[in-house]
C-alpha cells in the first residue's frame with residue numbers, strides 16, 4: 001500500500017527518494033510527496049504521479065542530504081494536497097512566514113486514537129491543516145521534543161494505538177532520521193557514510209543491498225555512518241544485516257500494453273519456476289520439521305484476504321477430497337475479531353502475495369495466541385513478514401507482480417497449495433505411488449496447458465466487446481470451480497468497475513435468478529466433471545429467463561454455441577488442476593473489457609497492491 005523512503009547522507013538524496021517512490025508505484029497511491037532539510041524544512045506534494053512530483057522538485061530546486069518521501073493511499077481524509085505526506089508540525093514556535101514547525105513525518109498505517117490525541121494537541125495550541133491521523137503524530141512528536149528526536153519518537157509511540165511505520169526528521173538535528181514500526185513493515189538500508197529507511201527493500205534497489213528487517217516495536221536512529229535500534233521495550237538490540245538483491249525497478253513491458261497483460265502471459269513461466277526442483281512429493285518442500293508437523297495435525301485452517309482467500313477456498317476442495325483433512329477457510333479480517341474454537345492440532349496456513357498483508361498477519365498472530373503453533377505460509381516474497389512469522393513456508397516464484405489485480409500470484413499460489421495437499425496426503429497415507437506420479441505428471445504439464453489456454457485470447461476479446469457496455473455481470477461455478485467464479489467476478493469488478501457477483505450455480509434459484517435479464521451476462525465455468533449435468537440445468541434456468549450465457553466449456557462437455565449461448569472451448573480437461581486453467585480466460589476477459597472501457601488497468605481507482613492497513 002503506502003510507500004516510505006527516507007535517507008541521511010552527505011549527498012543530495014532527493015533523486016534517491018523519488019526513484020524509491022517510483023519503484024513502489026505499483027502498490028497503488030493517490031498522492032505523493034517529499035520533504036528535505038535545506039536550511040529548514042522544504043517540501044513538495046502532489047495528487048498526480050511521482051513523475052509530476054519530480055518536475056515540481058526540479059522546478060523548486062529542492063535538494064538536501066536528509067529527507068523523507070511517501071506515496072499515500074487515502075484512509076483519513078480525501079486525496080488532496082493538504083492531506084498528502086510528508087506532514088509538518090504546526091505548533092507553538094512555528095515559523096511565522098511558512099507556518100512550518102520543526103518536525104517532518106511520513107506514516108503508513110492507521111492510528112485508532114487520533115481523535116483523542118488531536119483534541120489534546122489542539123488544547124496545547126497545535127493547528128491542524130489536514131484530516132489525516134498522520135498529522136497528529138507529527139504534532140505529538142513536536143510536543144515531546146526536548147532536543148533529542150530519538151527520545152521524542154520513543155515517547156510518542158507509547159501513546160499511539162493502532163498500526164504504524166513512520167519516518168521522522170527534525171530541522172534542529174539536520175543529519176538524523178528516526179523510524180519506528182508496529183503492524184506495518186519498515187526496513188533499514190545500510191550504506192557507507194549514509195543510511196536509509198523504506199517500507200520495502202525494493203525501494204532501495206541500486207542504492208544498497210544491505211538490508212535490516214526491523215521487527216515489531218523497533219525504533220531505529222539513522223545518522224551519518226551509524227545507526228542503532230531499540231526493541232519494543234526500548235532496549236538496545238542487534239538485528240541481522242541481510243544481503244538482498246531487490247528488483248532494480250519496474251519490469252520492462254516488452255510487447256505488452258500493460259503489466260497485467262504481461263503477468264497473465266507470464267503464468268506458464270511462473271508455474272514452471274514455482275515447481276522447479278520438485279521431483280517428488282516431500283514434506284521437506286515446506287521446510288525443516290514439516291514431516292513432524294504434518295504427522296501431528298488433524299485439520300487445516302486457511303487465513304487469507306481477497307484473491308488469496310479464493311485460492312484458499314479452492315485448496316479446501318483439494319485438501320478434503322485428496323488428503324481427507326477437514327479444512328476451514330477464513331477471511332483474515334473476520335477471523336481475527338470473532339470468537340472461534342481453537343484446535344492446537346490444526347495447521348494454520350496463511351496465503352499472501354506480498355507477505356505483508358496486515359489483516360492476514362494479525363489473524364496469524366491471533367491464531368498463535370490461541371495456542372495454534374503449527375504455522376505455514378504460501379507466499380511470493382522470501383523476505384516478508386509472513387515468511388518470518390511462520391515456522392514453515394512454500395515460496396511461489398511468480399516474480400514481481402506490478403498490476404494491482406493479481407494474476408500470476410494466484411495461479412502460483414494454487415500450485416503451491418496443490419503440492420501441500422499432496423504432501424499432507426502422503427504423510428497421512430492417503431496417496432499411493434501411482435497417484436503421486438499421475439499428479440506430478442499433470443503439474444509438470446501445466447506450463448504447456450496454460451500456453452494452450454492463452455491462445456484463446458482472440459475469442460475472449462470477442463466476449464469483452466459484449467461486456468464493455470454492461471454494468472452488471474453474474475458468474476457461476478460449481479464445486480471446485482465455484483471459487484474460480486468468485487475470482488473471475490473479482491477481477492472484472494477490480495479493473496472494469498462493472499458490478500459483478502459470483503454464485504455457486506445451485507444457489508441460482510434461491511435468489512440471484514431474479515437479477516437475470518438479457519442485459520445481465522452470465523459467465524459459467526463448465527468443466528466436464530461430476531457436476532456438469534447439474535450445471536447444464538442451471539444454465540437452462542438462465543436461458544429460460546432470457547439471460548445470455550458465456551460458457552468456458554471443456555472439449556468433451558457437449559455444450560455448443562447457439563442463440564444466447566457463447567462458448568469458448570477449453571483445450572483439455574485437467575481434472576483436479578482444472579481451476580488453474582479455467583481462471584486464465586476470466587483474467588483475460590477482465591483485462592480486455594477494461595481495455596475497451598478505457599480504465600486504468602494496472603492502477604485501478606481506490607485500490608492498492610499490498611494492503612498494509614486494516
Most packed first (mean Cβ within 10 Å per residue), the peptides 115-124, 4-13, 469-478 order as 4-13, 469-478, 115-124
Computed E for residue 209/residue 497 - FRET, C-beta separation, R0 35 angstrom, nearest 0.05: 0.30
In whole µm²/s, the translational diffusion coefficient that Stokes-Einstein assigns to segment 455-614, given a Kirkwood hydrodynamic radius over C-alpha pairs, 10 °C and 1.306 mPa s, equals 101
Any chance you could get the radius of gyration and Dmax over the Cα atoms of segment 330-425, in Å? 13.2, 38
Spatial separation of Cα centroids for segment 270-325 and segment 1-59, in angstrom: 41
How long are the semi-axes of the equivalent ellipsoid of segment 161-277, defined as square roots of 5 times the Cα gyration tensor eigenvalues? Whole Å, largest first. 34, 16, 15
With axes computed from alpha carbons, what is the tilt in degrees of helix 482-496 against the longest principal axis of the chain, rounded to the nearest 10 within 0 to 90? 50
Compute the distance in nm between two label points, each set 7 Å from the Cα along the Cα-to-Cβ direction, one at residue 127 and one at residue 256. 4.9
Segment 156-187 versus segment 442-492: alpha-carbon centroid distance in Å: 44
Starting from the eigenvalues of the Cα gyration tensor, five times each then square-rooted, give me the equivalent ellipsoid semi-axes of segment 512-573, largest first, whole Å. 20, 12, 9
Bins of 5 Å, starting at 0 and running to the largest distance - Cα pair percent for segment 69-168: 2, 14, 26, 28, 20, 8, 1
Given 4 °C, 1.567 mPa s and a Kirkwood radius over Cα pairs, the Stokes-Einstein diffusion coefficient of segment 350-403 in µm²/s is 116
Helix-only [θ]222 nm of the chain, DSSP H runs n ≥ 4, -39500 (n - 2.57) each, per residue, nearest 500: -10500 deg cm²/dmol
Gyration tensor (Cα) of segment 168-231, equivalent ellipsoid semi-axes in angstrom: 17, 16, 10
In nm, give the distance between the simple-model label positions of residue 175 and residue 296, each being 7 Å from the Cα along the Cα-to-Cβ direction. 5.2
Subtracting the Cα-Cα distance from 0.36 nm times the residue separation, let me have the gained length for residue 60 to residue 451 in nm, one decimal. 135.7 nm
Residue list for segment 570-589, given a label point 7 angstrom along the Cα-to-Cβ vector of residue 536 and an amide N cut-off under 18 Å: 570, 573
Stretched fully, the stretch from residue 161 through residue 365 gains (0.36 nm per residue minus C-alpha distance, one decimal, in nm) 71.7 nm
Run a plain Debye calculation on segment 3-243 (Cα atoms as equal point scatterers, no solvent) and give log10 I(q)/I(0) at q = 0.08, 0.09 Å⁻¹, rounded to two decimals, same order as the q list. -0.24, -0.31
Express the Stokes-Einstein translational diffusion coefficient of the chain in µm² s⁻¹, to the nearest whole number, given a Kirkwood radius over alpha-carbon pairs, 37 °C and a viscosity of 0.692 mPa s. 128
Rounded, prolate or oblate for segment 253-453? Axes are the square roots of the Cα gyration tensor eigenvalues, ordered a ≥ b ≥ c, and the cut-off for rounded is a/c under 1.5. oblate
Using a Förster distance of 22 Å, the FRET efficiency for residue 48-residue 606 (Cβ separation, nearest 0.05): 0.85
Full extension from residue 320 to residue 469: what is 0.36 nm times the residue separation minus their Cα-Cα distance, to one decimal in nm? 49.6 nm
For the Cα atoms of the chain, what angle does the longest principal axis make with the long axis of helix 114-123, in degrees from 0 to 90, nearest 10? 20
Relative to the compact-globule estimate 2.2 N^0.38 Å (N residues), the Cα gyration radius of segment 424-505 stands at a ratio of 1.51
Angle check, please: helix 532-544 long axis (alpha carbons) against the longest principal axis of the chain (alpha carbons), in degrees 0 to 90, nearest 10. 80
Could you list 541, 494 so that the one with the fewest beta carbons within 10 Å of its beta carbon is first and the one with the most is last? 541, 494
Spacing of the two label points (7 Å from each Cα toward its C-beta) at residue 572 and residue 519, in nm: 4.4
Cα centroid separation, segment 494-543 to segment 386-419 (Å): 29
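Read the figures in this text as sums done on the coordinates, not as results from a lab. These numbers come from a predicted model, not from an experiment. Here the Cβ is made from the backbone with ideal geometry for all residues, glycine too, and neighbour counts use every protein chain on show.
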